[in-house]
Each structure stands twice: as C-alpha cells, then as structure tokens.
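The values are calculated or read from the model by the stated rules, or taken from the named source; none is laboratory data. Small disclaimer: the values here were computed from a predicted structure and weren't measured. In this analysis, Cβ positions are derived from the backbone assuming ideal geometry, glycine residues included, and neighbour counts consider all displayed protein chains. Note: accessible area is taken over every heavy atom of the protein model, side chains too, but ligands, DNA and RNA are not part of it. Shrake-Rupley method; radii C 1.70, N 1.55, O 1.52, S 1.80 Å.
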Amino acid sequence: MASITAQQAIAPAIPMQRATSETTSDADAEHGLARFFYAAGLALILSAVQGVVQRLPGISDWLRNADYGGHMVTNLAHTHITIVGAGTITLTGLIYYVLPRVTRKPLYSQSLTNVSFWATIIGVFGFYIAMLSLGIYEGAMVHAGWPYDAARDYMGAWHKMPMMMTGIVMGIGYWTFVGNVYNTVGRGAGERKINPSNAATDGEFLLAKFLAVGATGLLFGTVQGVYQIMPWSLDWLRKTGEAGHLIDPMAHAHMNLVGGVAVAIMGLLYFFLPKMIGRAIYSMRLAKLSFWFIFFGLFGFYFTAVTLGWIEGEMVLGGMTDVEARETLGLWHSVPLAVAGIVMGIGFWTFIANILLTVRQRPSNDAPADSKLRYFIGFGAVALLIGTIQGVIQVLGPVKDWLDEALPASYLVTPLSHAQLNMVGFVMVSLASMAVFLLPRILKRPVADSREARVALTVMAVGIMASYVVYFTVGLVESLAVHQGATPSEAMEIVAGRTGRYALLIGAQAILGIGYILFFRHIASVVGREMRRAYFKTFWGRMRGAGQQATRIHPKAVPTNLDTAQRKALTACLIEAVGGAAGFLGMGWVFSGRPFVGIMLLGSWAGGFWTFAYVVFAVSGGAQLLPFLLVPYFAIPVLSAIGCYRSYMRDAKSLLVAST
C-alpha cells in the first residue's frame, strides 16, 4: 500500500495551510480554533484534580455512602467534565477545521461557530458545577439521615432548575454546531450533484459522512439529555430503576459517546493520520465497510435500548421488578441488543484494523517532523480494541449476571475499567494527539517534534493503562470475594488492605492527572500569553462593537429633533419596564427602532418568563424560590429600560449633531 498516491488517499490531498487565496477572515477563523483546545485543557485540569481528590481516604468513603449524591459527584460530574467538557470541545474544534476540507465548501456560518463555542463552554462548565454542588449538598443530607429521594424532593426546584437551565444552554451550543455541520455538508452534497468536477471526491465525502453522523449522534444525545433532566422525565427514570437505566445511562451515553464522539473521531483520524505519515490510509474498502457497519449498529442499538427501556419501565411502574420485566420479554430483550452490538463491533474492528495497518507503515520521506504522534493514535486504537472486546464479553448473559451479583465491587470492572479504555484511552488520547498536531499549523507556528507534547501524551497513556489494570484487577478480585460470601467492606481488604487499595487507586489517577496537566501546559505554551491577551482584547472589542451596532436607531426611526427624541426615549423606557414585568421584555427596544435587540430580548425573556412560572407553580418546592426570583425578575426589566433610554438618547444626539 506504500505506493498509493496522494490522490488515492482517503484523506484529501489538501495542504495543512491554505493557498494564498485564503481570505483574512478564513485565517482568523482557523486561528480562533485554538480557543477550543485551550478550553478543553482547562476542563482536563478540573478532571485531574477531582479524579485524585475523590479517591482520597475519607472523601472516597463519604461519597460511596452518600447514595445518588455521591454518584452525581464521582461519575456524572467527573465523566461530564472529562468527556463532554474536554472531549467534545476538542472534537468540535477539529471538525470545524476538517469539514471545509472534506466538503470543499467553507463553513456555513462563522457566527454559529462562535455561538456554539460560548454556549457549549457556559453550558458544560455550568452543568458540571451544578451536578458537583448538588451531589455534595444532597450527599450531606443523606449522611445527616435523610433518604436520598426525600432529600431530593426537599430540594425541589433547587435540584431541578440549575441542571435544566445549564443543560438547555449546553444544548444550544451543540445544536448550533450540528446546524453548522449539516448546512456545510449539505452544500458539499449539492455541489457534487451540480458540478462534480470541482466537488469533493468520494473519499473526501466519506469523511464528511462520518462527521455528519457524529453530529447526528450529538443531536440525538443532547435532545435526549435536555428532555430527561426535565422534572417529569427525571422522576420517571428514578422510579423505573434498572429498567430506566436502559434509556439513561445506556442509550444516552451510547449515543453521545459512540454516535457523537467515536464516529466523528473515526472520520477525523482517517483525515489526520495520512497527513502524519505522509501516506494514504491503508484501505478505502475497510473505511467504507467500517462506516456502514457503525451506522446501522449505532442506531440499531440506540433505538433498541430506548424501546426496551420504555417498555420495561412501564412494566416496573405497573408493579413488576426489573428482573421480572426482563424475563417477560425473554429473547426480545437480549437478542436485538446482541445483534446490534455485534454489527457495531464489526464496524469498530474494521476501523481499528485500518488504523493499525496504516500506523505500521513507515512514514514517507516528506512526512512532517511530528510524525511520531502516530504512535499515540495506535495506542488509542489498541485501547478501543481491548475495550470493545471487554464490552462484548461483559454483556453476555452469564457474565452480566455474575457482575450484577457482585455489586458494588464489580463496579470497578464495569463501567470504570471499561470506560478507561473506550472513553479515555481511545477518545481522549486520539483527540489530544490530533489537537497537538493541528495547533501549530492553525497558529502558523513552526512544526517540530515536540518532546513536551510527547511526554504529556505518554504520561496520559501510562496513567490510562495503570488505571485500567488497577480498576480491573481490584474489581475482579473483590467480586470473587463477594461471590465467596464476603461483604463489600470485607472484600475491600482483600487486595492490599484498605490503605493499599487507596494507594493503588490514587496513584493510578494521579499519573493520569499529571498527564492532563502536562497536556494543558503544552497547549498553553504553544498558544502563548500574548495571543491569549490579544484574543480576549479582540473578543471584547468585537462584542462592544456588535453591541453598539445592535443598539443603533434604525434610519426610519431617527427623531427630527431633541424634544421628540426625549419623548420617544421616555415612552420606550416605560414600555420596556412595564412590558418586561408582564413577560414581554424587548418591546421598548422595538418601539424605539432597535428591532434586533428587541426580538432577542423578547425571545429570551419569553422562555425565562414561562420557566419562572413553571418553577413557581408546577415544581415541588418552587414556592421556596419566589422571594429569590422576584428581585431579578423585576430588576432586569428596569435595567433594560434604563439601557433602552440611555442608548437611544446617545445615538439620537450623535445623529442629530451629524445632520446639522
């Protein structure tokens, strides 16, 4: 395969830097992708710190005995900031770079890129803080003697609102990203029909399909995620127990991580790996085969899990146990999941074979200086191979029953050790390697074999393997002890005593955390302090300019004299204050000839107003929020009214002076 020409490569033969016809705005847009990798590095810092802290003696026991509150901290919050925070933020930055190159069309909208970045950042970090805070607070209530459900019901809207609101903001970030991807791919597909000679080739467009399926996975996953944190859905999932777990976390995590992340990474690796070694991907046929098996396996598994979860959940609400519900369905429960899993597994294994066969090729004479990054891509592929094999084994009936009977000891085997390979070993190492490869190129920095980057990735890889071995070994030994009659507490003494157990878990997580910190340090050093300052200076300058532009008076609404302007400004101020209090914020801006600001405020406030009404009148405990929400509810319209008056008068005076 070494003789394949660049034109035959699945990754398009487009140079890493664009031709001289590249516009300044295109260059600025690519330059701005560095912020995605920097933000992802910050998320990994949080992951590194929490990963060690939650394993410390005392804290670990406290979290384990905090019921679902501890689960929110150790699993939901930590996984969220690692995979959703660092993983998908890096993923979107890479996709925004690759997509124009595999469709031969520019990104549909740079504005959507900016909206998706900031909404995702605010939503991801806000959701993390909400889950972490609620988990700790409700865990403290459990330790004080409250049953968890009682603690959660007591919290009422204080539990539901932070997660719901930050989840919606995060959803907006993902949905604008998905819209950008769909429209860009759609333009590329249209060009292939209209003008095939100048359009993307079959190999290029195959990569666009991977990215489109990845965006679809994120769309499905985030829509489901936003829906299932709504109070009624959250209650249903809690009441259905193990049956509801087929929907969340199984189907939800599956669609987000496999559909939204893993499939997109496959397309990205097919693009970047040939550029790392200066040779074509090993086999185009394997690439096509992996796509179609993943496609049918992915959606088959997802819809099967959701359907089974809904059917069995209703059975549980009707009085059955989750075991009885599963036994009632019999083979209809196990066979569809197994078939979809096998189909998906074939897609992954053909992809893994393609990647490993490509990695083993010797780089060409004109390969870039940082071609050694391919070894970390190979590491990720091997981690995925072991993870998928383990995943198939542990869902087999006898194995699954054995693991379920050994809980909570077997929790270290599945999902923790399994997640170390699939979610961290494959996802994070692959994304980090591609980010390291791309960053100097979009910043127009010299390309070199960075020892600092390779050390960071090596420490990450060692930490991942150490965590996997520790989780799997300790979990397996403790599970065997539980099956032999030991209590979970007694089983924890088996391996190396309780102190030795803590040392193993903390040590493995500490190595991984150091790798995360070194990775962020490398990203920060490549970006540089001056660029960070310049970015935020430019960002706030653009925001200020956009704000001034949006608040300018429409030419048809310019007053004839200062007295007319004063009367109209006061009227608009009154309309804004009264209308905002009545749920129609923005009407004063529309009246005074600033329709853009008015429509944006009207839409946002309508959503906030009805959310406010829902919290107060429909959610358990909502009345407790009334004194706290009344102040901002009436203060915001007053502040908006003052802003409406002052901006109108400022612009009116400047226009009247200019006309004289």
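Points to keep in mind about this one:
- Phi angles of segment 37-52 translate, via the Karplus equation with coefficients 6.51, -1.76, 1.60 and θ = phi - 60°, into HN-Hα couplings of 6, 5, 5, 5, x, 4, 4, 5, 4, 4, 4, 4, 5, 5, x, 7 Hz per residue; Gly and Pro are given as x.
- Residues His71 and Glu490, FRET efficiency given R0 of 25 Å [Cβ-Cβ distance, rounded to 0.05]: 0.65
- Calculated over segment 373-505, the projected area of the Cα convex hull averaged across directions stands at 9.0 nm².
- Accessible area (Å², per residue) of the chain, counting only protein heavy atoms and a probe of 1.4 Å: 44 Å²
- Note on segment 429-495: the alpha carbon radius of gyration divided by the globular reference 2.2 N^0.38 Å gives 1.87.
- Gap separating the Cα centres of segment 354-419 and segment 120-180, nearest whole Å: 31 Å
- Fraction of accessible area attributable to carbon and sulfur, segment 269-316 (%, probe 1.4 Å): 70 percent
- Principal axis dimensions, segment 141-198 - Cα atoms, whole angstrom, descending: 71, 15, 12
- Among Ile281, Met465, Trp292 the positive-end extreme of the charge dipole of the chain (Cβ point charges): Ile281
- Alpha-carbon radius of gyration plus Dmax, which is the widest Cα pair, for the chain in Å: 27.1, 94
- Cα-Cα pairs of segment 24-168 separated by more than 25 Å (percent): 41 percent
- Förster radius 25 Å - calculated FRET efficiency between Val447 and Arg521, Cβ distance, rounded to 0.05: 0.85
- In this label model, Ala581 and Val631 are separated by 1.8 nm, measuring between points 7 Å along each Cα→Cβ vector.
- Rounded Å value of the spacing that divides the Cα centres of segment 452-514 and segment 256-316: 29 Å
- Ratio of the Cα radius of gyration of segment 191-295 to 2.2 N^0.38 Å, where N counts its residues: 1.41
- Kirkwood Rh, angstrom, segment 145-238 [1 / mean 1/r, Cα pairs]: 16.0 Å
- D_trans [Stokes-Einstein, Kirkwood Rh over alpha-carbon pairs] for segment 263-397, 4 °C, 1.567 mPa s, µm² s⁻¹: 77 µm²/s
- Computed about its Cα centre, the charge dipole of the chain is approximately 3020 debye, with only Lys, Arg, Asp and Glu carrying charge at their Cβ.
- P(r) of segment 90-147 over all Cα-Cα pairs, binned every 5 Å from zero, in whole percent: 4, 15, 15, 15, 10, 9, 8, 7, 7, 5, 4, 2, 0
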